[in-house]
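Visitor: Mind having a look at this structure? Questions to follow.
The numbers here are math on the coordinates, done by the rules we state, and not lab data. In this text the structure is predicted, and so the values were computed from the model without any measurement. So basically every Cβ, Gly included, is an ideal-geometry build from the backbone, and we count neighbours across all protein chains shown.
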Amino acid sequence: MLHKLAEDISFYLIINNIIDIEDRDTYIYGLELLISTLLISISILILGILIGNFISAVVFLTVHFLLKSYTGGYHANHYYECYIYSVFTYIVLIIINCITSAIYKPFIGLILLIISILVIFNFAPIENKNNPKTKEEMEKNKRISRTRILILSINGVLGFAIKADLIDIWFMLAITMFSIAYSIVKQIFLERRVPGG
C-alpha cells in the first residue's frame, strides 16, 4: 500500500513536470520513507496524547529525528515492521520511564548516556544498504552524530542537575538515546549473522 501510494505520487509529479522520469525510483524510495515517518510520528504523538504523556512522545521523536537519521541503526525489511518496531520501542520506553523509581533515574540515566556516547562514537554511522552513502557522507554523518549525542547528553546531564522536577523528561531523553545505541548494536549483530553481511 505504501509503495503504491509513493508510485502514484511520483507519477503525478512526473506528469506535471516536477521531477524527471529517470529519478522516479529515487523519489519513490524517498516518498515511502517520508510517508512511513509521518505515520510513525503521528501514531506516537496520538499514543502520547492518549496515555497523557505527550511530552515524552515529543522527546522520543525529537531525539530520533536529531540523532538516528545520522547514526543509522536497525532497519526493518518492510515499512510495516519499522512501524511496529518504532511504536513498540516507544511503548517499552514509556513503561521503563513509569516503573523506574525517580531516586534511581539520575544514576541510570547517566549510565545510559555514557553507554550511548561510547556506542555512537565507536560504531556510528551504520550504513543502510537501501540508501548507500559515499565516504564523505559517512564522515559527515559521523561528525554530526558525535556532535549531536554530546549536545543531547550535556542537555540531559544539565537537566538532571538543574531542573530535577522534570526528571521524567530527562530520563526519557536518556533512554531514547540508549534505544538508538541499542539499535546500532542490533544492526551490527544482524549483519554479522548474515553470510556476506
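Visitor: Cα to Cα, under 16 Å, and not fewer than 8 places away if on the same chain: which aspartates and glutamates meet these conditions relative to LYS135?
Guide: Of all the aspartates and glutamates, those that pass the test against LYS135 - Cα under 16 Å, at least 8 places apart if same chain - are GLU127.
Visitor: Quick one: helix 105-123 against the long Cα principal axis of the chain, what's the angle to the nearest 10°, folded into 0 to 90?
Guide: Compared with the principal axis, the helix lies near 40 degrees.
Visitor: Could I ask something else about it? Scaled to the compact-protein estimate 2.2 N^0.38 Å, what is the alpha-carbon radius of gyration of the chain, rounded to two decimal places?
Guide: Against the compact-globule rule of thumb, the ratio is 1.12.
Visitor: Continuing with this model, one more query. So for the chain, taking the charge dipole from beta-carbon charges (+1 Lys/Arg, -1 Asp/Glu), which of ILE154, LEU38, ILE94 sits furthest toward the positive end?
Guide: Going by the charge dipole, the pick is ILE154.
Visitor: Once you put a point 7 Å from the Cα of ARG143 and another 7 Å from the Cα of ILE114, both along the Cβ direction, what distance in nm separates them?
Guide: Output for this residue pair reads 3.0 nm.
Visitor: Turning to a different aspect of this structure: In degrees between 0 and 90, to the nearest 10, how far off the longest principal axis of the chain does helix 79-99 point, with axes built from Cα atoms?
Guide: Long axis of 79-99 versus the principal axis of the chain: about 10 degrees.
Visitor: Let me ask you something else. So what is the relative contact order for region 53-193, in percent, with contacts set as C-alpha pairs under 8 Å and at least six apart?
Guide: Worked out over region 53-193, it gives 45 percent.
Visitor: Going Cα to Cα from LYS133, which lysines come in below 27 Å? Please leave out same-chain ones fewer than 8 positions away.
Guide: LYS4, LYS68, LYS142, LYS186
Visitor: A follow-up question, please. Hey, can you grab everything whose amide H is under 5 Å from the amide H of GLY73? Only 5+ residues off in sequence or another chain; H modelled, so Pro and N-termini drop out.
Guide: Amide H to amide H, under 5 Å and 5 or more residues apart or across chains, GLY73 pairs with ILE126.
Visitor: In square nanometres and to one decimal, what's the mean projected area of the convex hull around the Cα atoms of region 90-197?
Guide: For the Cα atoms of region 90-197, the hull's average projected area reads 7.7 nm².
Visitor: Under a point spin-label approximation (7 Å from Cα along Cα-to-Cβ), what is the LEU2-CYS98 distance to one decimal in nm?
Guide: 2.7 nm
Visitor: Considering all alpha-carbon pairs of region 25-84, what whole percent are spaced by more than 12 angstrom? Before the final figure, lay out each step's value.
Guide: On the way: 1271 of 1770 pairs.
Percentage above 12 Å: 72.
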